[in-house]
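The structure appears below as structure tokens.
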Ligand SMILES: Cc1ncc(COP(=O)(O)O)c(C=O)c1O
């Protein structure tokens, strides 16, 4: 029985305990007859007063969910059933029986819990995938409220076409021109974040059993989405020049995937970009094998150094590439506006799926982004954040280099949000995650980015979210945690990962 206490919420701790036990009883995890841990034992394990647990158990008793007997303890009740007026038996729903196979395939608790921890104020987070708070162009929002209220037809508060506001799509077409891609507004659809584009691609293209190819490592949400719809997801490894096209070629000789999902520029999590040569080879291969490419490009404009590399969509002349991008990394992530560029028949099919999902992207968000683009402030803003993020990346590199840990290796991304580190060989990976959180720093473990959760020796560090002054401190905490976990294992002992349970 795992109970988690959140000390940052206003909900009293005894209510948090009551609610969690209650949910576990209702979803069948704690069956009738289950004996709850003795009050003192639970209190000790949670680091709270015994009276708090006592209060929680009293509440559960008042709800009729448990009963206590001297000498036997506090026991989950078997009379969770009542007789209805018609004489039938009423039970609380056993939720697991109702969930679809797709829902059952969608679990990634580690990340959810990690993100919860990352939100704590006492923690330096290298786990986020967002921009620094102080980089938000808040000033551009000033006056918008009045303009919104004074719009004669309040159109930003009404429905928009599923494909998005016309004027926003026009502005996106101009933006795409700057990215080297000429497209008409009929080839553009506004999305509720680019992640929705990945989800729609899964719905529109994948039937259970279809093969999908991804890079390894790859964006964890994409892996989760493809797996949840029952795709057979196959990984092609990434090296310092991106997806290894020779390996892809071998895979394509055996399998006929629906599409290849790739992040060619400043990949999440590795920060690596696909070389120009490989980009061209990938497009040629897609033509030859009649495979689509889902190009995900949230970070392409965040270039600190090196030559600009063309998006695959720019190289593609025959419409094999479906292009996704987003304002989450260059504006505000919470505004949830992304977009796709694809041939018209694809846009039409995606629009139908999107209509079923959410009708259209949030109108006010679309209106805000449109104003931002029309005012011409995006280029300036991107310049500003690139300058700052390069400084933060360099600070992270310097901090890692300063008194380096033997065996700890990292790369130098030329843009984007992430640095990819390989831990020293004998590091007990799961224990490190726990130790780092205790020492006040969090990161995303590499397992999240691999199919089947392999490759524990990598970690992803984000340098855009923590302010400059936290970066060195956070890296020092991380290095200290690595040293401490390495010191804690006898030199000859082999680590059995199954023995170590992550708590975050
Ligand atoms: C590669 C990649 N694709 C898509 C997304 C999702 O972006 P959005 O916020 O637009 O849904 C992210 C966000 O981290 C990402 O890293």
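Below is a table of values for the structure above.
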{"quantity": "Theoretical gain in end-to-end length, residue 288 to residue 473 [0.36 nm per residue, Cα-Cα removed]", "calculated": "61.5 nm"}
{"quantity": "In nm, spacing of pseudo-spin labels at residue 256 and residue 317 (7 Å Cα→C-beta vector)", "calculated": "2.6"}
{"quantity": "Along each principal axis, Cα extent of segment 138-376, largest first, Å", "calculated": "60, 41, 29"}
{"quantity": "Principal-axis tilt of helix 344-358 within the chain, Cα atoms, nearest 10 degrees", "calculated": "30"}
{"quantity": "For peptides 184-196, 291-303, sequence by mean Cβ density within 10 Å, most packed first", "calculated": "291-303, 184-196"}
{"quantity": "Gap separating the Cα centres of segment 18-57 and segment 426-450, nearest whole Å", "calculated": "28"}
{"quantity": "Peptide ranges 27-33, 259-265 listed from the most packed, as the mean C-beta count within 10 angstrom indicates", "calculated": "259-265, 27-33"}
{"quantity": "Simple label model, 7 Å out from Cα along Cβ direction - residue 355 to residue 174, nm", "calculated": "3.0"}
{"quantity": "40 Å tail of the calculated P(r), the chain, as % of Cα pairs", "calculated": "32"}
{"quantity": "Alpha carbon centroid spacing (whole Å) that separates segment 170-198 from segment 264-297", "calculated": "18"}
{"quantity": "With Cα atoms, 0 to 90° folded angle of helix 276-289 axis to the chain main axis", "calculated": "80"}
{"quantity": "P(r) of segment 13-86 over all Cα-Cα pairs, binned every 10 Å from zero, in whole percent", "calculated": "20, 53, 22, 5, 1"}
{"quantity": "Ordering of 242-250, 124-132, 153-161, 317-325 by burial proxy (mean other Cβ atoms within 10 Å per residue, highest first)", "calculated": "124-132, 317-325, 242-250, 153-161"}
{"quantity": "Among beta bridges that DSSP assigns inside the chain, antiparallel share in %, nearest 5", "calculated": "60"}
{"quantity": "Angle between the chain longest axis and helix 377-401 axis [Cα atoms, degrees, rounded to 10]", "calculated": "60"}
{"quantity": "Label-point gap, in nm, between residue 4 and residue 411 - each point 7 angstrom along Cα→Cβ", "calculated": "3.0"}
{"quantity": "Rounded to 5, the percent of DSSP beta bridges in segment 138-376 classed as antiparallel", "calculated": "35"}
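Bear in mind these aren't lab numbers, they're just calculated from the coordinates by the rules spelled out. Values in this document were obtained by computation on a predicted structure and should not be read as measured data. For neighbour counting, all protein chains shown are included, and Cβ atoms are generated from backbone atoms with ideal geometry for every residue, glycine included.
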